[in-house]
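What follows draws every value from the coordinates through simple rules; no lab data is involved. Just so you know, these numbers come straight off a predicted model, no measurement behind them.
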Amino acid sequence: MKLIFFPLFFAFCRADIAQRLSALESKVEEVEIENSDFKNRLEEVKNENSDFKYQLEEVKHENSNFKNRLEEVKNENSDFKYQLEEVKNENSNFKNRLEEVKNENSDFKYQLEEVKNENQELKRKNEELSARTDKTEAEIDGLTNRAEDAENNIEILQDQTSNNTNEIISDISSLTSRTTTLEGKADQPDYYFKYQASS
């Protein structure tokens, strides 16, 4: 009886152990799968953490830029206040200049009246000069006519002078010829006896 019981007991234990071992292996596989999933998730968390650190650095950089920009805005605001004071001063100077321009405008109106009066006087003098100019032009026309007559007379005198010059040159040429002839005769030895004046 004992011999039959022990084999059955061991057979039953072996079957139970096999079931337990199979169940344990299944759990081990599940654990390994969960462990792999956990590792993957851990990598994802690390990547997310890295991204978060990068974004944090960007935020810090942007914050630094914002602080710098804030300082620039403060400086610009200070410059704006200074420029505003300058504009106020310029506005005050402009008002003063406007008053000066108004006074100058008043003086200009007075000077304009003087210019108008002077213009009337100049018109009157211009009319007088126009009348004198007309008279002068008439005198110029008379002088021009006299100058033309004088030019004509000069041309006539030039023609007469040319004719007289030609006649004088002809007379001089004739006298030169006669003188040459006489000189040739005078060189003859018997000239004195041949042409001696009768006593």
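Could you check how many percent of all C-alpha pairs in the stretch 2-152 are farther apart than 24 Å?
Numbers: 9073 of 11325 pairs.
Roughly 80 percent, rounded to a whole number.
Computed from backbone phi, the HN-Hα couplings of the stretch 97-105 come to 5, 5, 5, 4, 5, 4, 5, 5, 5 Hz, rounded to whole numbers (Karplus: 6.51 cos²θ - 1.76 cosθ + 1.60, θ = phi - 60°; Gly and Pro given as x).
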